[in-house]
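S.K.: Okay, here's the structure, questions in a sec.
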């Protein structure tokens, strides 16, 4: 089982920031300590190639991002303080998702212990998202002739507005977002399929809506699924407004992964958001996604994949 992770997914964004940037390290530590992952399961990515990033993002945005020349308004919209480490971790996370996709195409499943930065648009970042790793991976793998059609199953509590905008009008990419109707962003971009949920939606209603929606995703006949298993639909999330339990979120992960396995569609998992009042809850929810990967795909033969970047 190959999972992308590097300690450089961390960048100092200041103590007390609502974005729990330590979660990437904490998830990896817990999975190693309990034996779900072994050291040899971890693949450390190198920063994504600039040419790959420019398949999605404008040259102007990327140039100013790398130079630290974003405007004050752009930094406020991003919601994170600029630093060289932040830029580096954004390029690393994009590479992690590219490699997770390559592992998935070889082995049926691959995971990145970061990514899911679905609020990043082609010409700007917002909502704690600097670069859109999923969009970059789609276009890099399509350029290389490894996939033709892709589907995004975005189960973060916030709509994947950046991803929807990037692939608007692209019939080869199916974007599915199931999110809180009254949550961020205020003005939503139309995905291929949007399912909006009322505040307080719980496990039963959520899982029923997901089960009813998934056939539309596979009707697109994707060569690959990107799964954004956000931790923020959790009842204890500070930014969530839904009422799912940790057990319900684990059932969500298993439903998506089992459907991919049953239909023979490779799947790459990325972490996306999570802002629980107790960071331990966010870490546990993200760990459950990897545990579900291990459990659902346990009977598959995990070959050694060739990675890039």
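S.K.: What percent do you get for the relative contact order of segment 1-99 when only Cα pairs under 8 Å and 6+ apart count? Write out the running numbers ahead of the final one.
M.R.: Details: 85 pairs, mean separation 44.4, N = 99.
This gives 45 percent for segment 1-99.
S.K.: Could I have the simple spin-label model distance between residue 204 and residue 262, label points 7 Å from Cα toward Cβ, reported in nm to one decimal?
M.R.: 2.1 nm
S.K.: Still on this model: Could you order peptides 238-244, 277-283 by the average number of other Cβ atoms within 10 Å of their residues, highest first?
M.R.: On the way: 238-244: 20.6, 277-283: 16.4.
The most tightly packed comes first, giving 238-244, 277-283.
S.K.: Also, quick follow-up: Build a GNM of the chain with springs between Cα atoms under 10 Å: which of 145, 230, 116 gets the top mean-square fluctuation?
M.R.: In the Gaussian network model the winner is 145.
S.K.: Here is a follow-up. One quarter of the convex hull surface, Cα atoms only: what value does that give for segment 25-139 in nm²?
M.R.: Averaging across all directions leaves 7.4 nm² for the Cα convex hull.
S.K.: Let's test the formula: R0 of 30 Å, r as the Cβ-Cβ distance of residue 40 and residue 239. What FRET efficiency results, to the nearest 0.05?
M.R.: Details: r = 36 Å, r/R0 = 1.19.
It comes out at approximately 0.25.
S.K.: Return a whole-number percent for the relative contact order of the chain, with Cα pairs under 8 Å and 6 or more residues apart as the contact set. It would help to have the intermediate numbers written out before the result.
M.R.: Numbers: 647 pairs, mean separation 62.6, N = 309.
Once divided by the residue count of the chain, the mean separation gives 20 percent.
S.K.: Can you work out the FRET efficiency for the pair residue 216 and residue 15, with r the C-beta to C-beta distance and R0 = 51 Å, to the nearest 0.05?
M.R.: The computed FRET efficiency comes out at 0.75.
S.K.: Next up: Running a GNM on the chain with Cα contacts under 10 Å, which residue among 269, 71, 201 ends up with the highest mean-square fluctuation?
M.R.: With Cα springs under 10 Å in the chain, the top fluctuation among 269, 71, 201 is at 71.
S.K.: So what's the gap between the Cα centers of segment 179-223 and segment 249-292, to the nearest angstrom?
M.R.: Taking the Cα centre of each part, segment 179-223 and segment 249-292 sit 16 Å apart.
Since every read-out is calculated from the coordinates, none of them should be taken as a lab result. Bear in mind the structure is a predicted one, so any value in this text is a computation, not a measurement. Every residue, glycine among them, receives a Cβ derived from its backbone with ideal geometry; neighbour counts consider all protein chains shown.
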